[in-house]
Structures are given as structure tokens and as C-alpha cells.
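Enquirer: Mind having a look at this structure? Questions to follow.
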Amino acid sequence: MRADEENSFERTSPSALALWHNHTYRLYWAGAFISFLGSWMQTVAQGWVVYELTNSKLLLGLLGFVGSFPTTLFSLFGGVVADRLEKRKLVIATQALFAVNAFLLAVLVLSGRVAYWHIALIAALNGFIVALDAPARQAMVMELVGKQMVTVGVAMNSAAFNTARILGPAMAGKLIEVVNAGWCFFINAVSYLAIIFALWRIPATPNQNAVERLSVWSELREGLSYVYQNSLLRALVLLDCALSIFAISYTTLMPVFARDVLQVGKQGLGNLFSATGVGALTGALILASVAGSVPRGKVVLTAATGLCTGLLLFALSRSYLLSLAALVLVGGSAVSTLGSINALLQSLSPEHLRGRTMSLHVFALMGLAPFGNLFMGWMASRWTATVALATGALVCATVVALTAARRDVRQLPAV
């Protein structure tokens with residue numbers, strides 16, 4: 001971003017409209033949106049293909065575990081890499097690898113040769129790539145929009161992600177019903193070209209801190225120590241962890257609710273995902289509108305409470321319409337909670353540690369996801385999908401209540 005543009009934004013109150021005048025960010029947003037659209041189509045298709053192949057709730061949970069476990073192992077190191085390298089080039093490389101894996105899945109499914117182990121192996125490879133990609137992409141937001149606009153930038157990223165969540169699953173459901181799930185994987189592979197093109201056009205931002213680096217282990221310890229010694233950041237990361245394990249993992253069981261509990265089939269599965277996207281898009285826009293005016297502690301705690309409530313309603317519902325409404329609440333609350341935490345971690349972290357700080361956010365949300373997915377799959381197979389989600393909602397509600405008891409969280413500033 002040019003210096004005159006940056007100064008202009010610093011004089012402007014945070015708003016999505018002001019951010020949209022930033023040509024660099026606008027280009028990035030458009031490329032990301034197209035990529036997100038393809039990714040959501042693949043997410044829906046992958047879950048359906050696995051459930052059709054195996055008819056196993058446990059294997060659905062295991063797939064989530066296999067796909068996320070590499071992120072658990074390597075995401076913290078991904079933060080170190082993000083602080084060492086130019087983030088733009090790193091993300092270009094990871095997006096290209098995602099595209100290759102999606103194309104391989106498309107070929108396997110369209111040829112009728114796909115087996116469960118194919119999907120699991122590619123999911124594991126994608127998990128490793130995510131460990132490198134996610135910390136860099138999260139930390140890029142501050143570089144693209146500046147500190148004052150970081151909450152709006154995070155919210156607009158969420159808007160792109162969740163607009164795609166509305167459209168992608170609906171498109172995937174229709175393709176699966178009319179043609180073949182393999183086309184969802186193919187479209188995803190092509191969609192990565194959009195974000196690669198956008199990143200290629202964005203001016204390079206060399207890492208000014210890549211001088212006199214410590215060892216990888218020393219830099220990892222430096223980042224962990226910084227967050228641990230800051231009680232505010234530590235509380236936010238712990239809340240991230242609880243939500244990841246016991247709440248966000250509900251998506252693993254969506255095919256079960258669509259086919260067995262609500263009995264709405266393939267198109268219904270797409271609509272359930274889309275309902276979450278509608279709520280999430282609404283939550284992202286609300287988050288952008290209140291940036292800089294509403295205390296972030298109030299946003300985090302209120303939204304986290306809404307997430308627990310919506311998840312419990314969805315677990316207990318046997319009405320398709322009530323389930324859709326509950327997922328709207330879940331989506332909006334999740335985005336408001338996690339978006340606020342994301343913005344706070346970025347704005348409260350020094351530049352040379354931002355990648356490592358964001359890697360903890362990634363580790364909490366993605367690295368711990370395999371345990372949440374495995375927990376949900378095991379609970380659903382041992383008892384029922386309803387028991388699994390209701391248990392997760394109640395555990396999260398307990399953690400949110402403990403977090404609300406902390407004064408430093410309640411007094412989080414507006415950013």
C-alpha cells in the first residue's frame with residue numbers, strides 16, 4: 001500500500017467502506033473469495049463422498065483428525081517460518097500445493113477409483129500445508145490494512161469466507177445431486193488460481209526483521225513465552241482452544257444430521273452449511289460495523305455465549321427450520337468471537353512476533369481440531385450425534401463462564 005493511501009486510512013474511522021478503497025486489499029479480497037468458494041464446495045463434497053463410501057460416523061471423525069493432525073504438529077513452526085520469510089511468496093507456494101491436491105481428488109472421484117485412504121492421505125497433506133499457510137495469511141492482514149483497520153480487515157476476510165460458505169455448499173449440493181461430487185474438487189482446484197493471481201499482483205513486502213535470527217527452537221520459545229506471560233493473550237488463546245475442541249468441530253457430524261437425524265439428504269446438507277454461512281456473514285458485517293466503538297471484551301463474551309446456545313439448540317432440534325435458524329446463530333456468534341480474538345492478537349503483538357502469535361491462534365483453531373473431530377466422532381458412535389454436540393455445547397458454556405469471570409477479559413478495549 002502506498003504511503004499516501006496509508007495516511008488517508010489512518011485519518012479515517014474504521015469502516016468496511018474505507019477499507020474497500022484500498023486497491024491492494026480489494027484485489028486480495030476478490031482472489032480469496034473465489035478460492036474460499038471452491039474450498040467450501042470441496043468440504044461438502046468430501047464429507048458426502050466419505051460417508052457414502054464408508055457409512056461410518058467414526059471414519060468421518062477420523063478423517064477430520066487425519067486432516068488436522070499435521071496442523072497440530074507443525075502450525076507453531078509455521079509461525080516461525082512466517083516471521084522469517086516474505087509472507088506473500090510463502091502463501092503463493094502453499095496455494096499452488098492446495099490446487100494440485102484438489103486436482104488429484106477430482107481425478108480419483110471422477111474416474112470412480114477413489115478409496116477412503118486416498119481422501120485421508122490428501123487430507124493429511126493439506127493439513128501440513130495449512131500449518132505453513134494459515135499463520136502467514138493471518139499475519140498478512142496487518143501488513144495489508146494497517147493497525148487501525150485490522151478489526152475491519154479481519155471482519156471483511158470473514159465476510160468473504162462466509163459469503164462463500166453460503167454459496168459454495170449450495171452449489172456443491174446441487175452438483176453432487178445432478179452430476180458428480182468430483183466436479184466440486186475440480187472447481188476447487190481451478191479456484192486457487194484466483195488467489196495466486198491476486199497475490200502475484202500485490203507488491204512485495206520484504207521481512208524487515210529477518211536479520212540476526214535465532215534458532216528455530218529459540219524463536220518458537222520466544223513466541224510461546226510472550227503469549228504465556230501476557231495474561232490477556234493467554235486467556236484469549238485458551239478460549240480459542242475450548243471452542244475449537246468442543247464447538248467448532250460440530251461440522252464433522254453435519255452429514256449425520258442431514259441424512260439420519262433431519263433426513264433432508266444431499267441438498268439439505270448444503271443448506272445446513274449455507275445457513276451457518278448466512279449467520280457468519282451477518283456476524284462479520286456486524287463486527288466490521290462495531291469496530292472501534294464497542295469494547296471487544298463485551299463482543300467476545302456475548303458472542304461466545306450465543307455460540308454455545310445455538311449449538312445446543314441445533315443438537316436438540318428435530319425441526320429442519322429450527323436447525324437452520326440455530327446454525328445461523330452458531331455462524332454469526334463464531335465469527336464475532338473468533339474474529340475479535342484474531343484482531344486482538346494481531347493488534348497487541350509486536351511486528352516481529354506477529355506470525356508466531358497468530359500461529360497460536362491457528363494451533364488453537366486448527367491444530368486442536370483433530371481432537372475435537374475425533375471426540376465428536378467417538379461420542380456419536382458411542383451414543384448419538386445429539387449427545388456429542390450437546391456435550392460440547394455445555395463444556396464450552398462452562399469455559400465461557402470461567403473466562404467471563406476474568407476482569408482483564410471483560411475490560412478488553414475496542415480495536
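The values are calculated or read from the model by the stated rules, or taken from the named source; none is laboratory data. Given the structure is predicted, the values throughout are model-derived calculations rather than measurements. Don't worry about glycine lacking a Cβ; one is built from the backbone with ideal geometry, like all the others, and counts go over all protein chains shown.
Enquirer: Within the set of pairs 6 or more residues apart or between chains, which connect a residue that is among the small types (Gly, Ala, Ser) inside the range 364-380 to a residue that is not in a helix (DSSP H, G or I) with Cβ atoms less than 9 Å apart?
Expert: Partner pairs satisfying both residue conditions: 372/247; 377/56.
Enquirer: What's the total number of residues in the range 395-415 that are within 22 Å of the chain's Cα centre (by Cα) and part of a loop (DSSP other than H, G, I, E, B)?
Expert: Of the residues in that region, 1 qualify.
Enquirer: Counting only residues that are hydroxyl-bearing (Ser, Thr, Tyr) and buried (at least 21 other Cβ atoms within 10 Å of the Cβ), which one in the range 49-85 is nearest to residue 109 (Cα to Cα)?
Expert: Going residue by residue through the range 49-85, those that are hydroxyl-bearing (Ser, Thr, Tyr) are 51, 54, 56, 68, 71-72, 75.
Now restrict to residues that are buried (at least 21 other Cβ atoms within 10 Å of the Cβ): 51, 68, 71, 75.
On the way: 51: 14, 68: 22, 71: 25, 75: 29 Å.
Only one residue tops the list, namely 51.
Enquirer: Does residue 170 satisfy the condition of being crowded, with 19+ Cβ neighbours inside 10 Å, farther than 30 Å from residue 24 by Cβ, at pLDDT below 80 and not basic (Lys, Arg)?
Expert: Details: crowded, with 19+ Cβ neighbours inside 10 Å: yes; farther than 30 Å from residue 24 by Cβ: yes; at pLDDT below 80: yes; not basic (Lys, Arg): yes.
Yes.
Residues are listed down the side, and each one gets a yes or a no for (1) surrounded by 24 or more Cβ atoms within 10 Å (Cβ to Cβ); (2) closer than 22 Å to residue 193 by Cα; (3) within 18 Å of the chain's Cα centre (by Cα); (4) not polar (S, T, N, Q):
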{"residue": "89", "(1), (2), (3), (4)": "no, yes, no, yes"}
{"residue": "93", "(1), (2), (3), (4)": "no, yes, no, yes"}
{"residue": "109", "(1), (2), (3), (4)": "no, yes, no, yes"}
{"residue": "116", "(1), (2), (3), (4)": "no, no, no, yes"}
{"residue": "122", "(1), (2), (3), (4)": "no, yes, no, yes"}
{"residue": "149", "(1), (2), (3), (4)": "yes, no, no, yes"}
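Enquirer: Please pick out the residue among 340, 359 that is over 22 Å from residue 57 (Cβ atoms), crowded, with 24+ Cβ neighbours inside 10 Å and modelled with pLDDT of 80 or more.
Expert: On the way: 359 fails: modelled with pLDDT of 80 or more.
Result: 340 is the single residue among 340, 359 that is over 22 Å from residue 57 (Cβ atoms), crowded, with 24+ Cβ neighbours inside 10 Å and modelled with pLDDT of 80 or more.
Enquirer: Can you confirm whether the range 230-243 contains a residue that is modelled with pLDDT under 80, crowded, with 21+ Cβ neighbours inside 10 Å, part of a helix (DSSP H, G or I) and of a type in the set (Gly, Ala, Ser)?
Expert: no
Enquirer: Might you check whether a residue that is polar (S, T, N, Q) and at pLDDT 75 or above occurs anywhere in the range 207-227?
Expert: Residues of the range 207-227 polar (S, T, N, Q): 207-209, 215, 218, 225.
Now drop any that are not at pLDDT 75 or above, which leaves 218, 225.
Looking for residues that are polar (S, T, N, Q) and at pLDDT 75 or above, one finds at least one in the range 207-227, hence yes.
Enquirer: Which pairs have Cβ atoms under 7 Å, sit 6 or more apart or on different chains, and link a residue in the range 114-137 that is free of Cβ contacts under 8 Å to residues at least 24 places away in the same chain to one that is assigned to a helix (DSSP H, G or I)?
Expert: Correct list of pairs: 118/108; 122/101; 122/104; 122/105.
Enquirer: Look at the range 376-394 and say how many of its residues are more than 14 Å from residue 309 (Cβ to Cβ) and either among the charged types (D, E, K, R) or in a helix (DSSP H, G or I) (or both). Steps first, please.
Expert: Pass one, the range 376-394, residues more than 14 Å from residue 309 (Cβ to Cβ): 376-388, 391.
Subsequent filtering for residues that are either among the charged types (D, E, K, R) or in a helix (DSSP H, G or I) (or both) retains 376-382, 385-388, 391.
So the count comes out to 12.
Enquirer: Separate question: Within the range 213-229, which residues are over 24 Å from the mean Cα position of the chain (by Cα) and either surrounded by 14 or more Cβ atoms within 10 Å (Cβ to Cβ) or not aliphatic (A, V, I, L, M) (or both)?
Expert: Residues of the range 213-229 over 24 Å from the mean Cα position of the chain (by Cα): 213-219, 221-222, 225, 229.
Answer for the range 213-229, where residues must be over 24 Å from the mean Cα position of the chain (by Cα) and either surrounded by 14 or more Cβ atoms within 10 Å (Cβ to Cβ) or not aliphatic (A, V, I, L, M) (or both): 213, 215, 217, 218, 219, 221, 222, 225, 229.
Enquirer: Evaluate the following for residue 104: is it more than 18 Å from residue 361 (Cβ to Cβ), at pLDDT 80 or above and part of a helix (DSSP H, G or I)?
Expert: Here the answer is yes, as residue 104 does meet what is asked.
Enquirer: Would you pick out the residues in the range 288-301 that are farther than 25 Å from residue 43 by Cβ, outside any loop (DSSP other than H, G, I, E, B) and not polar (S, T, N, Q)? Write out each step before concluding.
Expert: Here is the first cut: in the range 288-301, the residues farther than 25 Å from residue 43 by Cβ are 289-301.
Going one step further and asking which of them are outside any loop (DSSP other than H, G, I, E, B), we end up with 289-290, 296-301.
If the condition is that a residue be farther than 25 Å from residue 43 by Cβ, outside any loop (DSSP other than H, G, I, E, B) and not polar (S, T, N, Q), then 290, 296, 297, 298, 299, 300, 301 are the ones that fit.
Enquirer: Of the numbered conditions (1) closer than 17 Å to residue 235 by Cα; (2) surrounded by fewer than 24 Cβ atoms within 10 Å (Cβ to Cβ); (3) not small (Gly, Ala, Ser), residue 309 fails exactly one; give the number of that condition.
Expert: (1)
Enquirer: Could you identify the single residue in 304, 315, 334 that is among the hydrophobic types (A, V, I, L, M, F, W, C), under 13 Å from the mean Cα position of the chain (by Cα) and either buried (at least 24 other Cβ atoms within 10 Å of the Cβ) or not in a helix (DSSP H, G or I) (or both)?
Expert: 334
Enquirer: Got a sec? Which of 285, 344 is assigned to a helix (DSSP H, G or I), within 16 Å of residue 240 (Cβ to Cβ), aliphatic (A, V, I, L, M) and touching a residue at least 12 places away in the same chain (Cβ under 8 Å)?
Expert: Values: 285 fails: within 16 Å of residue 240 (Cβ to Cβ).
Being assigned to a helix (DSSP H, G or I), within 16 Å of residue 240 (Cβ to Cβ), aliphatic (A, V, I, L, M) and touching a residue at least 12 places away in the same chain (Cβ under 8 Å) holds for just one of 285, 344, which is 344.
Enquirer: Identify all residues within the range 350-390 that are farther than 21 Å from residue 335 by Cα and among the polar types (S, T, N, Q); write none if there are none.
Expert: Listed by number, the residues that qualify are 381, 384, 386.
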